[in-house]
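Down below is the structure, laid out as structure tokens.
The values are calculated or read from the model by the stated rules, or taken from the named source; none is laboratory data. What you see is a predicted model, and the numbers here were worked out from it, not measured in a lab. Don't worry about glycine lacking a Cβ; one is built from the backbone with ideal geometry, like all the others, and counts go over all protein chains shown. Only protein heavy atoms, including side chains, enter the accessible area calculation; ligands, DNA and RNA are left aside. Shrake-Rupley method; radii C 1.70, N 1.55, O 1.52, S 1.80 Å.
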Amino acid sequence: MAEIPTAAISRLVTYLRILEQLETQDISRTSSSDLAERAGVSAFQVRKDLAYFGRFGTRGMGYTVPILKRELVRVLGLNQTWNVVIVGVGRLGQAIANYPGASDYQFQYVGLFDVNPAIVGQQVRGLTVRHTDELRDFARHTTVDMGFLAVPPEHAQDAAQALADAGIKGILNFAPVVIQPRTLERGGPQEISDEWRGLIVENIDFLAGMKRLAFYILNPHLKDAPTPEDPA
């Protein structure tokens, strides 16, 4: 498979959301132009993004909404269950745990962790909050695919290391700080420690989003400018 830009994956998520909305409106067919208009990109970009993963439509007839939706669910890995733990069960962590819709995409919360004695032992969404020190042992007995970090910035690195030590290979980081993998010196250049190899970190930075929004409000013509991969 050709190298796929990260932005293309983000757009696939947007296309899936649009297809779900079309289904609720009993619309059974769509086109690259229609998807493009709803997603705020060009039809060329839609076709290019989908072409990374196969051929899903018929020339001149567009796409069958349920079929394209099913294929995007498969491509994105949303046709299997993903076990999730949340580290940091303050206001943000509880809001994430109670956010509706996660189970619709097979994301299942299996554990909640915190270091605050006032929070440990509480019940949230039917789960007992455990101390973060228990995370590694918990992951030995329960399959955990990804961890969500909802801790203060000064604790994010330690919390991420706890997830890495537990063998968890995906982190969704809500803390406004860049997570750094642990490195070791083995008589030569620094190497990433074994528990970080293959670990994927996705950052959700609300403040960064607001900064970008402020820039584009001041410079709206730059937001609409075609990119080099989109000559339309």
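One line per residue, one yes/no per condition, for (1) outside any helix (DSSP H, G or I); (2) closer than 23 Å to VAL41 by Cα; (3) modelled with pLDDT of 90 or more:
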residue: GLU154; (1), (2), (3): no, no, yes
residue: VAL178; (1), (2), (3): yes, no, yes
residue: LEU184; (1), (2), (3): yes, no, no
residue: GLU191; (1), (2), (3): yes, no, no
residue: ALA208; (1), (2), (3): no, yes, no
residue: PHE215; (1), (2), (3): no, yes, yes
residue: PRO228; (1), (2), (3): yes, yes, no
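Evaluated against (1) buried (at least 19 other Cβ atoms within 10 Å of the Cβ); (2) part of a loop (DSSP other than H, G, I, E, B), GLY54 falls short on exactly one condition, (1).
Against the condition open to solvent by less than 20 Å² (accessible area, probe 1.4 Å) and either of a type outside the set (Phe, Trp, Tyr) or assigned to a loop (DSSP other than H, G, I, E, B) (or both), how does ILE86 come out, does it pass?
Working: open to solvent by less than 20 Å² (accessible area, probe 1.4 Å): yes; either of a type outside the set (Phe, Trp, Tyr) or assigned to a loop (DSSP other than H, G, I, E, B) (or both): yes.
So ILE86 passes the test.
Evaluate the range 126-146: report whether one residue or more is in a loop (DSSP other than H, G, I, E, B) and within 18 Å of ASN203 (Cα to Cα). Taking every residue of the range 126-146 in turn, at least one turns out to be in a loop (DSSP other than H, G, I, E, B) and within 18 Å of ASN203 (Cα to Cα).
Taking the condition acidic (Asp, Glu), closer than 26 Å to LEU163 by Cβ and surrounded by 13 or more Cβ atoms within 10 Å (Cβ to Cβ), does ASP114 pass? Considered against the rule, which asks whether it is acidic (Asp, Glu), closer than 26 Å to LEU163 by Cβ and surrounded by 13 or more Cβ atoms within 10 Å (Cβ to Cβ), ASP114 comes out as yes. On the stretch given as the range 3-39, residues that are over 11 Å from LEU72 (Cα atoms), open to solvent by 70 Å² or more (accessible area, probe 1.4 Å) and either of a type outside the set (Ser, Thr, Tyr) or touching a Phe, Trp or Tyr at 6+ places or on another chain (Cβ under 8 Å) (or both) total 7.
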